[in-house]
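Below: the structure, in structure tokens.
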Amino acid sequence: METLFQQLTHGNALFLILVLGLGGSFQVGFHITGLSSPSPYIQRFINSSWYDRYGEPPHPQTVTMIWSLIVSMFAVGGLFGAISVKFISDLLGRKKAMICNSFIAVLAAGFMLTSKNVNSFEMIIVARFLFGYSAGLGMNTHLIYLGEISPRKIRGIVTLTSATFTSLGKVSGRAFGLSEILGREDTWDILLSVAALFSFVQIVMLPFFPETPRYLLIEKGDDKACKKALQSLWGQGDYQQEMDEMLTEQAAIEAAPPVSLLQLLRDRTVRWQISTFTYDIFLEAGIPKKKIRYITLGLGVAEILTSLTCGLLIDLTGRRPLLFGGYGVMSACWIFVTVTLNLKDSSYWVPYITVSLMVVFIVFFCGGPGGATPTLNSELFIQSNRMASLVLTGLQRWFMFAVMGLVFPFLIDALSSYLFVLFASACMLGSLYTFFLLPETKGKTLLEISEEFKAITVCGKSFAEETRTETRL
């Protein structure tokens with residue numbers, strides 16, 4: 001029996017996965033964490049830019065407003081990127097969409113690097129919007145690309161690499177943000193532009209790889225190009241069975257299987273806020289300021305290692321245990337974090353218990369919902385409906401990310417440590433939903449998964465009955 005590495009290296013699949021990751025979800029992870037380190041330097045730049053322009057210092061509320069705009073523009077851009085993924089991917093194809101998306105990231109870096117020279121904070125806002133647009137479009141297109149090139153037997157491992165590259169981007173943003181590297185006042189513009197170098201790598205390398213086989217066969221009807229793409233990715237072979245399976249699945253399923261988009265949204269929203277506001281959470285916990293930056297870097301390393309471990313487990317254990325087990329432990333972590341935050345003054349070691357709980361949370365997130373959820377979009381939706389599902393979940397994800405980014409600081413002030421009870425409740429709902437309603441999708445075709453959904457009953461009614469009723473109306 002062939003090992004995973006042997007399957008990936010018969011053709012160019014492994015190299016394509018690496019190139020896609022650098023220009024895809026890596027960008028999201030980097031920009032989520034990369035802004036926290038240079039934040040005081042950027043705010044000082046806003047002050048000096050305003051003073052040079054108007055001859056007087058800006059009001060503190062003005063600086064806060066401009067800084068909030070810089071932070072939120074990434075999510076706003078991501079929202080527009082998620083909206084446009086269907087139009088651009090259908091118009092250009094998956095490969096050209098990824099290449100054009102990387103050009104947008106390079107353009108954003110140009111605005112960011114120029115902003116300091118021309119003394120314009122407005123260019124930072126534009127750059128953040130473009131970075132966000134590139135992240136929103138690139139993350140979804142990355143997931144589509146992975147889902148459409150992966151064989152059924154290793155589909156979970158291949159699609160999970162998107163989560164691994166997100167984790168790698170996060171730890172890279174934290175690492176480059178250290179004062180020993182680029183986290184200084186004279187280099188903050190370079191720090192925020194580093195991710196574009198990886199996008200440039202994708203621009204150079206991706207033209208040498210094929211378009212996705214599913215897109216070529218189902219969207220373009222080109223069976224010869226599909227076969228050639230499969231041989232390029234996975235080595236020489238006939239692949240007629242795989243091509244027949246693609247067409248059979250597409251023809252047999254008239255509508256996408258029912259799936260709760262709430263579950264697809266929940267896992268990312270909570271985790272992204274933790275990544276963005278880690279500094280505030282650890283400060284609230286009582287961790288010394290000088291140690292926080294290095295602790296968060298350690299959290300990023302733990303995230304990468306856990307994501308890689310999940311890649312080895314997902315096609316062995318299945319998706320459901322990772323999802324409901326991960327959500328359950330995450331919920332318990334938030335309950336205990338609430339307790340330790342209230343006891344932080346009782347002893348010097350209590351804050352470090354909070355840090356340990358955060359590590360456990362990240363381990364079970366990356367090894368559970370964070371790793372398994374990206375696989376679901378490829379397994380629950382047929383070719384014709386997959387784009388719509390990604391657009392809708394992308395809209396929800398980026399909208400909630402923007403809203404939470406705005407209200408999270410106010411929630412911390414209003415609820416203090418009890419804020420995390422809300423997160424615990426959200427995670428518990430995710431655990432209950434996946435345990436009772438979500439079927440296992442490991443190693444199954446879309447037809448088999450569709451039948452699994454039809455067998456689910458809620459309050460005495462099945463999904464199949466609900467679908468027939470809606471059709472008659």
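The values are calculated or read from the model by the stated rules, or taken from the named source; none is laboratory data. All values derive from a computational prediction rather than experimental measurement. Here the Cβ is made from the backbone with ideal geometry for all residues, glycine too, and neighbour counts use every protein chain on show. These accessible areas exclude ligands, DNA and RNA; they are computed on the full protein's heavy atoms, side chains included. Shrake-Rupley method; radii C 1.70, N 1.55, O 1.52, S 1.80 Å.
For Ser179, state whether it is under 17 Å from Pro38 (Cα atoms), open to solvent by 10 Å² or more (accessible area, probe 1.4 Å), among the small types (Gly, Ala, Ser) and not in a loop (DSSP other than H, G, I, E, B).
no
How about region 105-122: which of its residues are in a helix (DSSP H, G or I) and open to solvent by 40 Å² or more (accessible area, probe 1.4 Å)? I'd like the intermediate steps shown before the answer.
Step one: of region 105-122, the residues in a helix (DSSP H, G or I) are 105-118, 121-122.
Scanning region 105-122 gives Val106, Leu107, Phe111, Leu113, Thr114, Lys116, Asn117, Val118, Glu122.
Specify which of the listed residues (Leu191, Leu146) is touching a residue at least 40 places away in the same chain (Cβ under 8 Å) and in contact with a Pro (Cβ under 7 Å, 6 or more places away or on another chain). First the steps, then the outcome.
Values: Leu146 fails: in contact with a Pro (Cβ under 7 Å, 6 or more places away or on another chain).
None of the others qualify; the one that does is Leu191.
Can you name the condition, by its number, that Gly173 falls short on among (1) buried (at least 24 other Cβ atoms within 10 Å of the Cβ); (2) under 25 Å from Leu91 (Cβ atoms); (3) touching a Phe, Trp or Tyr at 6+ places or on another chain (Cβ under 8 Å)?
(2)
Quickly run through region 143-156 and pick out the residues that are modelled with pLDDT under 85 and either under 14 Å from Glu245 (Cβ atoms) or surrounded by fewer than 24 Cβ atoms within 10 Å (Cβ to Cβ) (or both).
Answer for region 143-156, where residues must be modelled with pLDDT under 85 and either under 14 Å from Glu245 (Cβ atoms) or surrounded by fewer than 24 Cβ atoms within 10 Å (Cβ to Cβ) (or both): Ser150, Pro151, Arg152, Lys153, Ile154, Arg155.
Search region 1-48 for residues being out of contact with any Pro (no Cβ under 9 Å at 6 or more places or on another chain) and β-branched (Val, Ile, Thr), and hand back the single one that is surrounded by the fewest Cβ atoms within 10 Å (Cβ to Cβ).
So the residue we want is Thr3.
For Gly81, state whether it is touching a Leu at 6+ places or on another chain (Cβ under 9 Å) and of a type outside the set (Phe, Trp, Tyr). It would help to see each step written out before you state the result.
Working: touching a Leu at 6+ places or on another chain (Cβ under 9 Å): yes; of a type outside the set (Phe, Trp, Tyr): yes.
For Gly81, the condition - touching a Leu at 6+ places or on another chain (Cβ under 9 Å) and of a type outside the set (Phe, Trp, Tyr) - is met.
Can you tell me which residue among Gly23, Gly55, Gly11 is under 28 Å from Ser232 (Cβ atoms), more than 23 Å from the chain's Cα centre (by Cα) and at pLDDT 85 or above?
Numbers: Gly23 fails: more than 23 Å from the chain's Cα centre (by Cα); Gly55 fails: under 28 Å from Ser232 (Cβ atoms).
Gly11 is the lone residue from the list that is under 28 Å from Ser232 (Cβ atoms), more than 23 Å from the chain's Cα centre (by Cα) and at pLDDT 85 or above.
If only one of Ser384, Ser431, Ser378, Ser389 is modelled with pLDDT under 75, in contact with a Phe, Trp or Tyr (Cβ under 6 Å, 6 or more places away or on another chain), part of a helix (DSSP H, G or I) and of a type outside the set (Lys, Arg), which one is it?
On the way: Ser384 fails: in contact with a Phe, Trp or Tyr (Cβ under 6 Å, 6 or more places away or on another chain); Ser431 fails: modelled with pLDDT under 75; Ser378 fails: in contact with a Phe, Trp or Tyr (Cβ under 6 Å, 6 or more places away or on another chain).
Of the residues listed, the single one that is modelled with pLDDT under 75, in contact with a Phe, Trp or Tyr (Cβ under 6 Å, 6 or more places away or on another chain), part of a helix (DSSP H, G or I) and of a type outside the set (Lys, Arg) is Ser389.
Collect the residues in region 336-361 that are within 14 Å of Met428 (Cβ to Cβ) and open to solvent by 80 Å² or more (accessible area, probe 1.4 Å), keeping them in residue-number order.
Once the filter is applied, which keeps residues that are within 14 Å of Met428 (Cβ to Cβ) and open to solvent by 80 Å² or more (accessible area, probe 1.4 Å), region 336-361 yields only Phe336.
Are there any pairs, at least 6 apart or on different chains, whose C-beta atoms fall under 9 Å, with the first in region 45-73 and under 26 Å from Gly34 (Cα atoms) and the second of a type in the set (D, E, K, R) and open to solvent by less than 40 Å² (accessible area, probe 1.4 Å), and if so, which?
Correct list of pairs: Phe45/Asp189; Leu69/Arg128; Ile70/Arg128; Val71/Arg128; Ser72/Arg128; Met73/Arg128.
Exactly one condition in (1) in contact with a helix residue (DSSP H, G or I) (Cβ under 7 Å, 6 or more places away or on another chain); (2) surrounded by fewer than 23 Cβ atoms within 10 Å (Cβ to Cβ) is false for Tyr51; which is it?
Single failed check for Tyr51: (1).
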